[in-house]
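Computed from the coordinates by the stated procedures, all read-outs in this text should not be read as laboratory data. Everything numeric here is computed off the predicted structure, so don't read it as measured data. Glycine gets a Cβ as well: all are built from the backbone with ideal geometry, and neighbour counts include every protein chain shown.
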Amino acid sequence: MAPIQLLGLLIGLLALHITFIYYKKSELEKGDLLIWSFIWVVFIFISLNPNILNSVTQHLNLSRPMDAIMIGAFIVLLAVSFHNYVVNKKNKKNIEKIIKELALRDFDQYK
Amino acid sequence: MIVAIIPAYNEELTIGSVCGQVAQYVDRVIIIDDGSIDRTSQEIIDQHNSKFCLLRHQINLGKGAALRTGYEAAKRLGAEIVVLLDADGQHLPEYVPYIIDELKNKDKQAVFCFRKKEKKMPVVRVLGNFLINKTASVLFKIDLRDMLCGFRAFKMEVMPYIIWRDSGYFVEIEMALRFKSKNFSYSEIEIPTIYNNRFKGVTSVDGLKLLLQMIIWRIKL
């Protein structure tokens with residue numbers, strides 16, 4: 001086992017553990033636990049068996065499985081950033097709406 | 001009805017005197033305490049002025065958001081003219097009558113104030129203002145002399161057309177850009193330059209962000 005594979009395994013196991021702790025603290029629901037656990041298990045599996053990505057790398061004309069992982073990770077990060085941007089914008093709007101309504105709640109006294 | 005809208009964030013030192021002076025020239029003064037952690041609101045309450053309408057944001061949302069709340073309040077009061085000014089004493093209330101005169105007697109739909117160029121203005125601010133005004137002129141063909149000056153007034157009828165989306169300090173620019181895009185009539189009044197606190201207001205980093213935002217507005221507006 002190459003050192004990077006060992007590192008991947010340790011990170012995957014740590015992530016699984018942290019995910020379970022969040023579930024126990026009720027910060028994640030059962031569905032979240034299942035999804036994220038699946039993701040970390042896949043991560044560990046790929047770390048231990050990188051050759052399963054060979055067919056993917058051949059189809060994408062890439063020379064190494066690591067390139068496929070990096071590109072895939074980049075795409076996932078972009079998607080997550082975009083999602084966060086949209087959610088953040090919506091939350092900001094909702095927060096302002098609530099704060100404004102609270103501020104104007106007793107405004108009739110000034111009329 | 002003429003209403004002054006004054007957003008304030010931690011301005012306990014000046015809010016009382018600014019609002020007290022402005023109240024002489026307008027029918028109502030709407031103060032929006034934007035989540036201050038000092039005695040800003042208490043200074044207003046202590047004045048017991050019947051013209052004051054104090055609104056409080058429980059958290060700091062930014063100048064643009066505070067002005068939106070103020071505008072909503074002005075609408076509910078039936079305001080015909082709104083005068084916007086800052087709470088930090090940089091905008092002298094004694095200029096309010098001249099502003100109102102321009103709107104009422106010269107039939108303008110807005111008045112924008114511009115700060116007199118004086119030696120006491122920090123160099124960074126002079127350069128920043130020049131760069132922003134120049135960029136606005138190139139991108140939007142707009143010729144306001146001081147786009148960052150928050151001392152301005154509008155007839156209420158134009159407000160729905162210029163409602164801004166920005167919640168922070170860029171509101172001044174966005175308001176001016178939206179106003180100009182509708183070709184409403186306006187005039188400009190020169191006011192003295194006063195700087196009380198060098199570490200408040202738009203910083204050089206904000207200025208860089210603003211330049212980028214103006215490019216985005218050029219596409220969107």
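Computed quantities for the displayed model
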{"item": "Translational diffusion of the protein assembly as shown, µm² s⁻¹ [Kirkwood Rh, Cα pairs; Stokes-Einstein; 10 °C; 1.306 mPa s]", "result": "68"}
{"item": "Likely footprinting exposure, B:72, B:94, fewest C-beta neighbours within 10 Å first", "result": "B:94, B:72"}
{"item": "Cross-link reach list, lysines versus residue B:51, counting only Cα pairs under 18 Å and skipping chain neighbours closer than eight places", "result": "A:111, B:75"}
{"item": "Cα radius of gyration and Dmax for region B:1-144 (Å)", "result": "16.2, 48"}
{"item": "Region B:141-195 versus region B:7-61: alpha-carbon centroid distance in Å", "result": "22"}
{"item": "Per-residue ³J(HN,Hα) for region A:91-96, Karplus 6.51 cos²θ - 1.76 cosθ + 1.60, θ = phi - 60°, Hz, x for Gly and Pro", "result": "5, 4, 5, 5, 4, 4"}
{"item": "Anchor residue B:104: aspartates and glutamates whose Cα lies under 12 Å away (excluding residues fewer than 8 positions away in-chain)", "result": "B:80"}
{"item": "Kirkwood Rh, Cα atoms: Rg over Rh of chain A", "result": "1.24"}
{"item": "Estimated inter-spin distance, residue B:98 and residue B:130, nm [label 7 Å along Cα→Cβ]", "result": "2.5"}
{"item": "Cα-projected label distance for residue A:26 with residue B:106, points at 7 Å along beta-carbon direction, nm", "result": "6.5"}
{"item": "Sequence-distant residues sharing a close amide H with residue B:52 (under 5 Å, placed H)", "result": "B:29"}
{"item": "Label-point gap, in nm, between residue B:163 and residue A:79 - each point 7 angstrom along Cα→Cβ", "result": "3.6"}
{"item": "Neighbour-count order for A:1, B:1, B:175, fewest beta carbons within 10 angstrom listed first", "result": "A:1, B:1, B:175"}
{"item": "Over region A:64-111: Kirkwood hydrodynamic radius from C-alpha pairwise inverse distances, Å", "result": "14.0"}
{"item": "Helix-only CD estimate at 222 nm, as mean residue ellipticity for chain A, using -39500 (n - 2.57) per DSSP H run (n ≥ 4)", "result": "-27500 deg cm²/dmol"}
{"item": "Proximal lysine pairs, region B:127-216, alpha carbons under 16 Å, eight or more residues apart or interchain", "result": "6"}
{"item": "Proxy reagent accessibility, fewest Cβ within 10 Å first, across B:57, B:48, A:83", "result": "B:48, A:83, B:57"}
